[in-house]
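A.B. asks: One structure follows; several queries about it will come next.
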Ligand SMILES: [Zn+2]
């Protein structure tokens, strides 16, 4: 295993062990001294263990490879676990709130016990040490989740310092301080629960982050031959994403062109590592931009491949030009040769009065649509194309 990863995992384990100790110490001291704030802070430490555990379980579950019945993998099981943990955490916050309000209503206040004060100070010191440790390992191993955890431990320091202040305030006569501190901690816990819940719901709802969609869209649109991106969808978690992208290629694209584009699209996995799978869906643009019309020396429509010239109409620019049909006399592979010639000048549509199956498939392979028309007037032919 990568040494960076094992160091980050070790930091996670240290943090869990420390929080277990803090939960027990604060829990016992809080109950003995009758301090809602200290009990709340103990539950806070427990909630932190649960939320780290949810991440851990998630990583383990996400490792389970896809199987026949779960072709997209098992990442939603992680979200279901988070959903349960999130609800439990929010419930804890509500419980603390309820206790604190009761404490206020009944005018209760904790006894000032030196061991309770010591437990809160101990918690603040341990959390500060944890914060420094996790942030430094996080920076060294470039683990953003560990840095986030470290910052969270700073919040834990503030919570424990608040408990200490609450005790001191109660000691000098402000009996309500303990309940108020407990409420503040309940709000912190509520935030943790809300965050976990939101994350789980985002994954379950296949939410697409606009910034992520923009990254994928600009990557795919940057590939030569891609005309536009029409749809980006994502399934999975922030670590493990399955992306579906629909894109349009220009009408002249061959099967080989599309193959090459798809290869380039798959390279996005190197650029955005959380993308584990990308599903490209190709659409060939139906928009006609350049039409070839077979004409004779006088510029009249002939409707067949024996015509001496092709009139090339650029519908976007509104220009026209005439090219010589070099292959009108060809005895073999005439359809193929003409299709390639027209493809090279960017033609994506040809108008004929009739076409054989062989020639038709050559045009199709060259990305050229065949339109049938018996109309003599070229302007009318063009008009009918515009309408389609
Ligand atoms: Zn916390």
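Just so it is clear, none of the values below were taken in a lab; they were calculated from the coordinates. Every value quoted in this text rests on a predicted model; they were computed, and no experiment measured them. Positions of Cβ are generated from backbone atoms using ideal geometry, with glycine treated the same way; all protein chains shown enter the neighbour counts.
A.B. asks: So, in nm, how far is label residue 115 from label residue 230 when the simple model puts each one 7 Å beyond its Cα toward the Cβ?
C.D. replies: It works out to 7.2 nm between the two label points.
A.B. asks: How much of the DSSP bridge set in the chain is antiparallel, in percent, rounded to the nearest 5?
C.D. replies: 60 percent
A.B. asks: As I understand it, the value is the acute angle between the Cα axis of helix 334-344 and the longest principal axis of the Cα atoms of the chain; what does it come to in degrees, rounded to 10?
C.D. replies: 50 degrees
A.B. asks: Between the range 330-388 and the range 245-312, what's the alpha-carbon centroid distance in Å?
C.D. replies: Here the two parts' Cα centres lie 14 Å apart.
A.B. asks: Right, something else. Is any residue of the range 42-83 close enough, with backbone N under 19 Å, to a label point placed 7 angstrom from the Cα of residue 95 along the Cα-Cβ axis, and if so, which?
C.D. replies: Output list for this probe position: 42-54, 82-83.
A.B. asks: Using alpha carbons only, how many degrees (0 to 90, rounded to 10) separate the axis of helix 144-171 from the longest principal axis of the chain?
C.D. replies: 30 degrees
A.B. asks: Rank-order 233-245, 296-308, 29-41 by packing density, defined as the average count of other C-beta atoms within 10 Å over each peptide's residues, highest first.
C.D. replies: Descending mean neighbour count gives 29-41, 233-245, 296-308.
A.B. asks: Still on this structure: Per DSSP helix of 4 or more residues, -39500 (n - 2.57); summed, then divided by the residues of the chain. What does that give at 222 nm, rounded to the nearest 500?
C.D. replies: -20500 deg cm²/dmol
A.B. asks: Debye sum, Cα scatterers, the range 226-284, no solvent: what log₁₀ I/I(0) at q = 0.14, 0.17, 0.30 1/Å?
C.D. replies: Normalising to I(0) and taking log10 leaves -0.39, -0.56, -1.24.
A.B. asks: Related question: Just the number: Rg to Rh for the chain, Cα atoms, Kirkwood Rh, two decimals.
C.D. replies: Ratio value, two decimals: 1.30.
A.B. asks: For 227, 329, 221, what's the fewest-to-most ordering of other Cβ within 10 Å of each Cβ?
C.D. replies: Ascending number of Cβ neighbours within 10 Å: 329, 221, 227.
A.B. asks: Would you mind telling me which residue in 28, 158, 323 has the biggest mean-square fluctuation in a Gaussian network model of the chain, where springs connect alpha carbons within a distance under 10 angstrom?
C.D. replies: Among 28, 158, 323, the largest GNM mean-square fluctuation belongs to 323.
A.B. asks: Quick check: the angle from helix 255-266's long axis to the longest principal axis of the chain, C-alpha only, nearest 10 degrees?
C.D. replies: Relative to the chain, helix 255-266 is tipped by roughly 10 degrees.
A.B. asks: Mean projection of the alpha-carbon convex hull of the range 166-277 over all orientations, in nm²?
C.D. replies: Orientation-averaged projected area of the Cα hull: 9.7 nm².
A.B. asks: For the range 33-111 and the range 120-187, compute the distance between their C-alpha centroids and round to whole Å.
C.D. replies: 17 Å
A.B. asks: Right, another one. Return 383, 76 ranked ascending by Cβ neighbour count within 10 Å, so the fewest neighbours appear first.
C.D. replies: Least to most surrounded, the residues fall as 383, 76.
A.B. asks: For the pair residue 330/residue 16, report the inter-label distance in nm, with labels modelled 7 Å from Cα in the Cβ direction.
C.D. replies: 6.9 nm
A.B. asks: Listed highest first by mean packing, meaning other Cβ atoms within 10 Å per residue, what order do 90-103, 261-274 come in?
C.D. replies: The most tightly packed comes first, giving 90-103, 261-274.
A.B. asks: OK, next. Work out, step by step, the length gained on full extension between residue 337 and residue 262: first 0.36 nm times the residue separation, then minus their alpha carbon distance; give nm to one decimal.
C.D. replies: Using 0.36 nm per residue and subtracting the Cα-Cα distance, I get 24.3 nm.
A.B. asks: Once the Cβ-Cβ distance between residue 4 and residue 296 is put in as r, and R0 is 51 Å, what FRET efficiency do you end up with, to the nearest 0.05?
C.D. replies: 0.10
A.B. asks: By count of other Cβ within 10 Å, fewest leading, how are 74, 362 ordered?
C.D. replies: So the residues, fewest neighbours to most, are 74, 362.
A.B. asks: Stretched out fully, how many nm does the piece from residue 375 to residue 165 gain, at 0.36 nm a residue minus the Cα gap?
C.D. replies: Net length gain for the segment: 66.4 nm.
A.B. asks: Still on this model: Rank by packing, highest mean first: peptides 376-382, 67-73, with packing defined as the count of other Cβ atoms within 10 Å averaged across residues.
C.D. replies: The most tightly packed comes first, giving 376-382, 67-73.
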